[in-house]
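A short worksheet on the structure shown next.
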Amino acid sequence: MTPQSLLQLTSQKCTTGCPILDRLLYGGIPCDSITEIVAESGSGKTQICLQLSLHAQLPVSHGGLAASSLYLHTEFPFPFRRLHQLCLSFRSSNAHHFPVNDNPCDRIFVQSVHTADHLLEIMSKTDPFIENSKNQVPVRLIVIDSIAALFRSDFDNTPVELKRRSSLFFKISSKLKALAKRFNLAVLVTNQVVDLVGPNEGINGLRIGNLVCLHTSGRRVCPALGLAWANCVNSRLFLSRNEEVIREENEKSNGQSCDFVKKKMRKLYVVFAPHLPESSCEFEITREGLFGVER
Amino acid sequence: MEIWRLPISASQRGKLISAGYTSLSSLSSISSSDLARELKVSESEAMNILKVASHSRGSETSNASCSIVEGAQSAWDMLHDEESLMHITTSSADLDNILGGGIRCKEVTEIGGVPGIGKTQLGIQVAVNVQIPNDFGGLGGKAIYIDTEGSFMVERAFQIAEACIEDMSEYNRFLRKDFQECKIKMLPQDILENIFYFRICSYTEQIALINYLDKFLSEHKDVKVIVVDSVTFHFRQDFDDMALRTRVLSGMALKLMNLAKRFSLAVVLLNQVTTKHTEASFQLALALV
């Protein structure tokens, strides 16, 4: 066994497609590590996943991985139409990187997953799959959307079952990390949230990461799957969405007046990451994708 | 030296002890014929015993300290040793105070916490701080970093190394104004080169690596700290044989303690936490305790 030379160990990153988000993440989603995105439904988790699968195909000089991606989805149906829409705008803005009749969607491999055991089965088959893909465009991004759906219905609330659930987390995470290291993959996992009811003490008051507690849609939430899963991921990002009432100045013919407008405010927070400081940024979701907003 | 240490047969030893001869000094003044009568053995046997006893006593006097068991030290010597040991600073004065000066050598320190609290950051900081040269109050040694989770980011280690060098330059400027300007010749790249980084992906690799460290440390004597980032991560999966897991874990802990004592280095183990449900409340506990 020889130690690795740290000077030759550079962590590659996959760009998110937006320079503002890339700046927040110090380059993008890192390879050889598991990044988790936590948000309530409708916040943009799947949008980011689709966007990343497309941008991973960019050449390394432009922040991509020059790679295809493996998209494991657990919630049905898979958003094919949205992917197609994003693909069109991706192609038009990056036309010079791809030949004329090329379809970036050809390089996103989609697989549905039904249970946790099914996921383990798939991962044992992923090894030869990625090995073979090295001949064409190698797979360098794995997305699991979402990991929470696999675990939220199959397990009873007894100590034995919960223990089994926890050991499954570590098994899956261990396999993903081994894959990530062997093929230098970036792994992106999405997770759901659960509401926190009751006073801010005991397990409700357990603070994990930079934020004292996570808020979205005016509710206090915490990531699903608990402390055990939190130990399995390397970085955690949180997407929040809130309805805010803001004043907008309007110029009218008889002087200035202001309207109160309800605006949707979306923010991306870094909950914990070994290489990122505590930070956040605002973003919006448009037809072309998910982009950061500089205020 | 006691009778039980003498290189004589077990039956002879048993006869000596049952006859009341428990120490070598008791054999010094007896003649071989008397001994033969007491033990009910032949005189040649008794002479043999006495010869062996006097031979052992001869080699015994060369050992100055009166140790009962080989390798024992008096408590006074131990206190002296402990006080002269250096500490590895954690770069936080409060934390150093709690630890009694810093991370101690010859000891295993376990640090646990929830995810995102800073365990990996502390591990990297210690791996950088151990390299602070002797002139600045550090150990001037190298570090071994065993990464089981993949949370070590080189760019972060680079940042920490840069900050450490900047710190040393500040110290230089303020306290060494009278002496000649000894510029810090260290670069962040040098600091990174002195961290031996191992990445392991399964518990078998972890055990193999810890067994291999013996050989590695005898070749690299300037290593002064071993950091294991999440010593329990690979053991929290389902093990078919839980007794095996316990055996393996305690074996690993013992080996690390041995390495710490033999090579006079510090071992820092970073651990995760789990929730322990006791009655109605919950408690945080270190994993696999």
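The values are calculated or read from the model by the stated rules, or taken from the named source; none is laboratory data. Not measured: the values here are computed from a predicted model. Here the Cβ is made from the backbone with ideal geometry for all residues, glycine too, and neighbour counts use every protein chain on show.
The figures follow:
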read-out: Neighbours by Cβ (under 7 Å, 6+ apart or cross-chain): first from region B:107-129, more than 14 Å from chain A (Cβ to nearest Cβ) and of a type in the set (D, E, K, R); second buried (at least 18 other Cβ atoms within 10 Å of the Cβ) and not in a strand (DSSP E or B); value: B:107/B:260
read-out: Single unsatisfied condition, residue A:129 versus (1) surrounded by fewer than 19 Cβ atoms within 10 Å (Cβ to Cβ); (2) within 14 Å of chain B (Cβ to nearest Cβ); (3) aromatic (Phe, Trp, Tyr); value: (2)
read-out: Residue B:59 vs. criteria of a type in the set (Ser, Thr, Tyr), at pLDDT below 80 and in a loop (DSSP other than H, G, I, E, B); value: no
read-out: Any hit, region B:216-237, residues being among the hydroxyl-bearing types (Ser, Thr, Tyr), buried (at least 19 other Cβ atoms within 10 Å of the Cβ), touching a residue at least 60 places away in the same chain (Cβ under 8 Å) and under 27 Å from residue B:154 (Cβ atoms); value: yes
read-out: Elements of type strands (runs of 3 or more DSSP E) in region B:200-289, at least 2 residues being closer than 24 Å to residue B:129 by Cβ and touching a helix residue (DSSP H, G or I) at 6+ places or on another chain (Cβ under 7 Å); value: B:223-229, B:266-271
read-out: Number of positions in region B:184-215 that are facing chain A (nearest Cβ under 8 Å) and within 19 Å of residue A:5 (Cβ to Cβ); value: 11
read-out: Filtered residues of region A:1-30 (kept if within 10 Å of chain B (Cβ to nearest Cβ) and in a loop (DSSP other than H, G, I, E, B)); value: A:1, A:2, A:3, A:5, A:9, A:10, A:11, A:26, A:27
read-out: Some residue of region A:159-166 being surrounded by 15 or more Cβ atoms within 10 Å (Cβ to Cβ), under 24 Å from residue A:271 (Cα atoms) and touching a strand residue (DSSP E or B) at 6+ places or on another chain (Cβ under 6 Å); value: no
read-out: Residues within region B:78-101 that are under 16 Å from the mean Cα position of the chain (by Cα) and buried (at least 16 other Cβ atoms within 10 Å of the Cβ), tallied; value: 3
read-out: Region B:238-250 residues that are within 21 Å of residue A:172 (Cβ to Cβ) and more than 11 Å from every other protein chain (Cβ to nearest Cβ), paired with ones that are at pLDDT 85 or above and surrounded by 11 or more Cβ atoms within 10 Å (Cβ to Cβ) (beta carbon under 7 Å, 6 or more apart); value: B:245/B:235
read-out: Residue in region B:140-161 that is under 21 Å from the mean Cα position of the chain (by Cα) and away from chain A (no Cβ under 12 Å) present; value: yes
read-out: Search result, residues across region B:251-282 that are among the aliphatic types (A, V, I, L, M) and more than 14 Å from chain A (Cβ to nearest Cβ); value: B:252, B:253, B:254, B:256, B:257, B:259, B:260, B:265, B:266, B:267, B:268, B:269
read-out: Matching option when the condition is surrounded by 15 or more Cβ atoms within 10 Å (Cβ to Cβ) and of a type in the set (D, E, K, R), among A:121, A:75; value: A:75
read-out: Tally of residues being within 13 Å of another protein chain (Cβ to nearest Cβ) and either outside any loop (DSSP other than H, G, I, E, B) or among the aromatic types (Phe, Trp, Tyr) (or both) across region A:31-60; value: 5
read-out: Positions within region A:226-253 being modelled with pLDDT of 80 or more and more than 9 Å from chain B (Cβ to nearest Cβ), in sequence order; value: A:229, A:237, A:238, A:239, A:240, A:241, A:242, A:243, A:244, A:245
read-out: Enumeration of residues in region A:82-98 that are part of a helix (DSSP H, G or I) and either farther than 15 Å from residue A:51 by Cβ or among the aliphatic types (A, V, I, L, M) (or both); value: A:83, A:86, A:88, A:95, A:96, A:97
read-out: All positions within region A:193-225 that are in contact (Cβ under 8 Å) with a residue 40 or more places away in the chain, more than 8 Å from every other protein chain (Cβ to nearest Cβ), touching an Asp or Glu at 6+ places or on another chain (Cβ under 7 Å) and not β-branched (Val, Ile, Thr); value: A:217
